[in-house]
Amino acid sequence: MRRIYEDHAYATDWPASWWRASKPVPPPRPALPGSLAVDVAVIGAGYAGLNAALVLAQAGRSVAVLDASQPGWGASGRNGGFVCIGGTKLSDGQIVDRVGTEGAREFRRFQLAAIGHVGALIDSNGIPARQGPEGEAYLAQSPAAMAGLVAEAEAEARLYGEAPEVLRREELAERGLAGPGFHGGLIGRAGFPLHPLEYVEGLAALAEAAGARLFAGTPVTALAPAGGGWRLATPRGEVTARQVMVATNGYSSEDIPAWIAGRTLPALSSVMVTRPLTQSELGAQGFTSPLMSCDVRRLLHYFRHLPDGRFLFGMRGGTSASAAAEAETQARVRRHFEALFPAWAGVPTEYRWSGFVCLTGSLAPFAGPVPGAEGLFAAFGCHGGGVALQSLAGAEVGRLMLGERAAIPALMAQPPRRFPFPAFRRLGLRMAYAAYARRDGPLPAVPA
């Protein structure tokens, strides 16, 4: 397998996350017992792969899902639990330039449908994953960023017919969104928070109940056409399938399939979770809103209260996945947390972990058939906003594989281009992060 980060990032034991600590570890799925022939093989047991497997198995296809670790081990079990609008690094204007006004509206409808898809899936199947109310707060880190948010709200009203609520700086405290680094914000009405592992493990159980077979500890080491279908090599035997879906996202190997090489760029996102906050601590900071929240920096921070009183805080920025670099990144996460929430500077971090989001060379997600490879499909590249989008993308790719009409937006149907000079992607990311940090501006000064 060819991956572009240090081996430490791909160790297959569970990360030391609050999600894993707060939910009993399920019995491990078995490894592939030997060679196997199926209608469909799915590589990756995360949101996209399991949604596809569920659709296919419900339609009567024989499905094998192969994962290098366990369901939810990757980004699907490490994220911040934001079921929200997102999935691309393109502005609305750039989306319009690429696919037109109707194409932009089509993509927005898909984003909203994806949120509804996840909500319906967990609610109708009794998966206890919901963790808070609907809506999301977007907070401006400067007066200039606030002016940009106001302009964005006006543009969204014209383009999508949506009207997010605008909050001036003086209105934040009464909404429980106070902080020295926040200069106003928007309240969007879409989305809700969830427990990522509750969702992905519930999804795995649904796929199995429908007839899909899940094999853990079974990395796919090679993929090649064979006899009108595909042959997948693993350390424990071969799988042959008429169709294959690749759903490995930021954990993809550069040669599975070879087409994907250079089209993705994994980017680290790091998370910390505090001990439960006391009522006096909540009052001292004034940030009490149960909404999912984030700022609008290019190197964004995302944060929310958890049901047991803990506080989750995450951010982008790491460019190395070595153990030493990860420790440095987590220390930086802590410094940023204390700058934005100074009243909680004495509240200890009890859990910290990281994982990969997946960027693409086109800055947009992809879902559909792999060009020039009959029977091969993929879904990846949601740029850190994939809980909802990857879920519905996986389901729609499953429908494509059944020969049905699928509602994949034009923006997502375009195969992503390769990054320029792909061997230097991580260097380019480091340079981009430095530029973003300058553009984002300084953090609030930490009180002495």
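The values are calculated or read from the model by the stated rules, or taken from the named source; none is laboratory data. All values derive from a computational prediction rather than experimental measurement. As a convention, Cβ positions derive from the backbone with ideal geometry for all residues, glycine included, and neighbour counts pool all protein chains shown.
Among what's in region 180-199 and is in contact with a Leu (Cβ under 7 Å, 6 or more places away or on another chain) and modelled with pLDDT of 95 or more, pick the residue that is nearest to Ala120 (Cα to Cα).
The selected residue is Ala190.
I'd like to check something: does region 195-207 contain any residue that is β-branched (Val, Ile, Thr), part of a helix (DSSP H, G or I), buried (at least 19 other Cβ atoms within 10 Å of the Cβ) and in contact (Cβ under 8 Å) with a residue 40 or more places away in the chain?
Looking for residues that are β-branched (Val, Ile, Thr), part of a helix (DSSP H, G or I), buried (at least 19 other Cβ atoms within 10 Å of the Cβ) and in contact (Cβ under 8 Å) with a residue 40 or more places away in the chain, one finds at least one in region 195-207, hence yes.
Here are Thr274, Thr248: which of them is out of contact with any His (no Cβ under 8 Å at 6 or more places or on another chain) and either among the aromatic types (Phe, Trp, Tyr) or under 24 Å from Gln390 (Cα atoms) (or both)?
Thr248
Can you name the condition, by its number, that Thr329 falls short on among (1) surrounded by fewer than 19 Cβ atoms within 10 Å (Cβ to Cβ); (2) part of a helix (DSSP H, G or I)?
Unmet for Thr329, out of (1) surrounded by fewer than 19 Cβ atoms within 10 Å (Cβ to Cβ); (2) part of a helix (DSSP H, G or I): (1).
Please go through region 383-404 and give me each residue that is closer than 24 Å to Gln58 by Cβ, in contact (Cβ under 8 Å) with a residue 60 or more places away in the chain and in contact with a strand residue (DSSP E or B) (Cβ under 8 Å, 6 or more places away or on another chain), ordered by number.
Those that are closer than 24 Å to Gln58 by Cβ, in contact (Cβ under 8 Å) with a residue 60 or more places away in the chain and in contact with a strand residue (DSSP E or B) (Cβ under 8 Å, 6 or more places away or on another chain): Gly386, Val387, Ala388, Gln390, Ala393, Gly394, Val397, Gly398, Met401.
Looking at region 242-293, which of the residues that are over 20 Å from the mean Cα position of the chain (by Cα) and hydroxyl-bearing (Ser, Thr, Tyr) is surrounded by the most Cβ atoms within 10 Å (Cβ to Cβ)?
That would be Thr274.
Only residues in region 405-421 that are outside any helix (DSSP H, G or I) count as the first member; pair them with residues that are surrounded by fewer than 15 Cβ atoms within 10 Å (Cβ to Cβ), Cβ under 6 angstrom, at least 6 apart or cross-chain, and list the lot.
Pro415/Pro371
Name the residues in region 225-241 that are under 18 Å from Ala68 (Cα atoms) and surrounded by fewer than 19 Cβ atoms within 10 Å (Cβ to Cβ), would you?
Scanning region 225-241 gives Arg231, Ala233, Pro235, Arg236, Gly237, Glu238, Thr240.
What's the number of the condition Asp440 fails, among (1) surrounded by fewer than 22 Cβ atoms within 10 Å (Cβ to Cβ); (2) within 19 Å of the chain's Cα centre (by Cα)?
(2)
Sort out which residues of region 416-442 are farther than 25 Å from Asn249 by Cβ and not aliphatic (A, V, I, L, M), and write them in order of number.
Residues satisfying the conditions are Arg438, Arg439, Asp440, Gly441, Pro442.
So Glu156 passes all but one of these: (1) modelled with pLDDT of 95 or more; (2) surrounded by fewer than 20 Cβ atoms within 10 Å (Cβ to Cβ). Which condition number does it fail?
It fails just one condition, (1).
In region 14-30, how many are touching a residue at least 24 places away in the same chain (Cβ under 8 Å), part of a loop (DSSP other than H, G, I, E, B) and surrounded by fewer than 17 Cβ atoms within 10 Å (Cβ to Cβ)?
Summing the residues that are touching a residue at least 24 places away in the same chain (Cβ under 8 Å), part of a loop (DSSP other than H, G, I, E, B) and surrounded by fewer than 17 Cβ atoms within 10 Å (Cβ to Cβ) in region 14-30 gives 5.
Can you give me the number of residues within region 53-87 that are farther than 30 Å from Ala11 by Cβ and part of a loop (DSSP other than H, G, I, E, B)?
The qualifying residues number 5.
If Ala364 satisfies every condition in (1) in contact with a strand residue (DSSP E or B) (Cβ under 8 Å, 6 or more places away or on another chain); (2) surrounded by 22 or more Cβ atoms within 10 Å (Cβ to Cβ) but one, which is the exception?
Every listed condition holds for Ala364 apart from (1).
Among the numbered criteria (1) in a loop (DSSP other than H, G, I, E, B); (2) over 30 Å from Met272 (Cα atoms), which one does Val397 miss?
Failing condition for Val397: (1).
Being of a type in the set (A, V, I, L, M) and over 22 Å from the mean Cα position of the chain (by Cα) is the filter here; which residues of region 393-405 pass it?
Leu400, Met401, Leu402
State whether one or more residues within region 86-97 are surrounded by fewer than 20 Cβ atoms within 10 Å (Cβ to Cβ) and under 17 Å from the mean Cα position of the chain (by Cα).
Scanning region 86-97, I find at least one residue that is surrounded by fewer than 20 Cβ atoms within 10 Å (Cβ to Cβ) and under 17 Å from the mean Cα position of the chain (by Cα), so the answer is yes.
Rundown of residues vs (1) modelled with pLDDT of 95 or more; (2) touching a helix residue (DSSP H, G or I) at 6+ places or on another chain (Cβ under 8 Å), yes/no style:
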residue: Ala21; (1), (2): yes, no
residue: Pro26; (1), (2): no, yes
residue: Leu54; (1), (2): yes, yes
residue: Val63; (1), (2): yes, yes
residue: Pro71; (1), (2): yes, yes
residue: Phe82; (1), (2): yes, yes
